[in-house]
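Since every read-out is calculated from the coordinates, none of them should be taken as a lab result. A quick note: this is a predicted structure, and the numbers were derived from the prediction, not measured. Methodologically, a virtual Cβ is constructed for each residue, glycine included, from the backbone with ideal geometry; neighbour enumeration extends over all protein chains shown.
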């Protein structure tokens, strides 16, 4: 599927951006957080999430992979669609969203238009464990570990290990070596010792 689009920022509004690349202009739905990151720029890179519905195909764009990751977690919750997830990320930054869920802050989540008490509680119950890994999400999504971690995870799952146990072991190893950048091979070797 689509990973990102890079090109000339033709139009920018609080809810959408139009980016032209290779003679094609892409209309991309964005959050206010992404809008702030694009303001004043003439060129842009947006990480994409492609939504295919019966009546439309939509692209949602984010200035960084962390926001896209939070967006994808939000839409995995029953009753939260792409537009609601975008509304959440327009009301709160990705870090504020993460803190509200981890802190079981129902009041903050209910402060978002369209999020009632039951939906706020569902968000907390469904996502608290996913966001509550031993390594903070901003550290996992840093450039130096994102690709290495994902490659290692993919390789170990392919070898037959369960994704959940592999993720826990990888996060533990990354936390122990947060001052050094491990190669994919080193991370896999270290994980194999603990699995």
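Could you give the angle, 0 to 90 degrees to the nearest 10, between helix 82-91's Cα long axis and the longest principal axis of the Cα atoms of the chain?
On a 0 to 90 degree scale, this one is about 90.
Would you report the distance distribution of C-alpha pairs in the range 66-131 as whole percents per 5 angstrom bin, up to the bin with the largest distance?
3, 21, 36, 32, 7, 0
Note the angle between two axes, namely the Cα long axis of helix 65-75 and the longest principal axis of the Cα atoms of the chain, as a number of degrees from 0 to 90, rounded to the nearest 10.
80
How tilted is helix 143-158 with respect to the longest principal axis of the chain? Cα atoms for both, answer in degrees (0 to 90, nearest 10).
The answer is roughly 60 degrees.
Sticking with the crude label model, points 7 Å out along Cα→Cβ, report the distance from residue 8 to residue 25 in nm, one decimal please.
It works out to 1.0 nm between the two label points.
Quickly work out the residue 18-to-residue 157 label distance, labels modelled 7 Å from Cα along the C-beta direction, and quote it in nm with one decimal.
Going from the residue 157 label point to the residue 18 one covers 3.7 nm.
How many nm separate the modelled label positions at residue 172 and residue 102, each set 7 Å beyond the Cα in the direction of the Cβ?
My value for the distance between the label points is 2.0 nm.
Quantify how much of the Cα-Cα distance distribution of the chain extends past 21 Å, in percent.
57
Starting from a Cα-only point model with no solvent, please compute log10 I(q)/I(0) by Debye for the range 41-80 at q = 0.18, 0.34 1/Å.
-0.58, -1.11
Based on the Kirkwood radius over alpha-carbon pairs, what is the Stokes-Einstein translational diffusion coefficient of the range 4-62 at 20 °C with 1.002 mPa s viscosity, in µm²/s?
Calculated translational D: 188 µm²/s.
Under the rule of -39500 (n - 2.57) per DSSP H run of 4 or more residues, summed and divided by the residues of the chain, what mean residue ellipticity at 222 nm is obtained, to the nearest 500 deg cm²/dmol?
Computed ellipticity for the chain at 222 nm equals -15500 deg cm²/dmol.
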